[in-house]
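What follows is a set of notes on a single structure, which appears directly below.
Values quoted throughout were computed directly from the atomic coordinates according to the rules given, and no laboratory measurement underlies them. Fair warning: this is a prediction, and the values are worked out from it, not measured in the lab. Every residue, glycine as well, gets a Cβ built from its backbone with ideal geometry; the counts of neighbours run over all protein chains shown.
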Amino acid sequence: MIRPVEHIRPMRGGAQAHLIRADDGHYYVAKFPNNPQHPRVLVNEWLASSIARMVGLSVPEFEVMEVSAEFVAANPKLVLHIDGREVPAAEGLAFASRVPTQDPHAPIYDYLPEPGLELVENLGEFTGALVLDKWLCNCDGRQVIFCRPKPRARLRAFFIDFGFCFNAGTWNFPDGPYRGLYSRDLPYRGVTGWDSFEPWLSRIESFPDASLHKIITRMPIEWHSDGKTLVALLDRLHVRRTQVRTLIHAVRTSPRAPFEHWHGDTLAAPGPAGRPIHPPPQPQRSLL
């Protein structure tokens, strides 16, 4: 767990996150329990970011940030704008996503022209991010930042902002072919068939129950007071693993048709049949 030592500035975005320097020396984009989207956004960020990193996607490291009442009081600009009012960010435990550069002043882009996109070293991960977003029903477009993790390194894409997975605070799954897609098709030009979604597709279709349990036990219990609803969410995730190929097929056959170089028409067989998840007893515990 980390603690804030310096408030930098508010960030763009519906969750109204803030950029904060922590006591470990790193900079973080922090989302608070009283964000205007929903308190469950913190759960969504924790679950999705954990899964994304476990299946091999480039997602910034993240931490739980313990925000004291004293820090909030000492930083009058640490506020959220809710219903036309300024509301102080809530004390307690925030979700904090680390800025993925060694130099906090290094440029970070949320948009690149197509010639710039072609230079991104991990452009192929966009197909993996789509697999993840379909599994988790990310009801937002795919959010990405581009930066150089180290000086003179190549530009790299980092996938951020998972707050609208499971339809934000609703925790239902209103699937649609355009949900989770990146705004442009260039990152999908290398898709020629199901093999283009590997290894992420196989990793998600066989994602272990034990790994989901482990993610939950490491999440602050303050973020999820309704254990039954959380269990129901995990059960849905287990069953949805077998539906990911069908959801990707719907993207392929949509009017947008982003996979222009796909060959063949066969819908590959789904992964293992779903079964309910039984949780372990008593779980413990953005855009620049």
| query | For the chain, what is the mean residue ellipticity at 222 nm derived from helices alone (per DSSP H run of n ≥ 4: -39500 (n - 2.57); sum divided by total residues; nearest 500 deg cm²/dmol)? | reply | -7500 deg cm²/dmol
| query | Label His249 and Thr170 with points 7 Å out from Cα along Cα→Cβ: what is the distance between them in nm? | reply | 2.5 nm
| note | When all Cα-Cα pair distances of the stretch 123-252 are considered, the percent exceeding 21 Å is 45 percent
| Thr192 versus Lys214: modelled label distance in nm, points set 7 Å from Cα along the beta carbon direction | 3.5 nm
| Cα-based Lys proximity count in the chain, under 30 Å, for pairs eight or more positions apart or on separate chains | 8
| query | Using 1/(1 + (r/R0)^6) with R0 = 45 angstrom and r between the beta carbons of Arg184 and Arg85, what's the FRET efficiency to the nearest 0.05? | reply | 0.75
| message | Suppose every Lys and Arg Cβ carries +1 and every Asp and Glu Cβ carries -1, with no other charges. What dipole size does the chain come out with about its Cα centre, to the nearest 20 debye? | response | 240 debye
| said: Give me the one-decimal nm value for the distance between modelled label points at Glu222 and Glu70, 7 Å along each residue's Cα-to-Cβ direction. | reply: 1.6 nm
| field | P(r) histogram, all alpha-carbon pairs of the chain included - 10 Å bins from 0, percent | value | 6, 28, 34, 23, 7, 1, 0
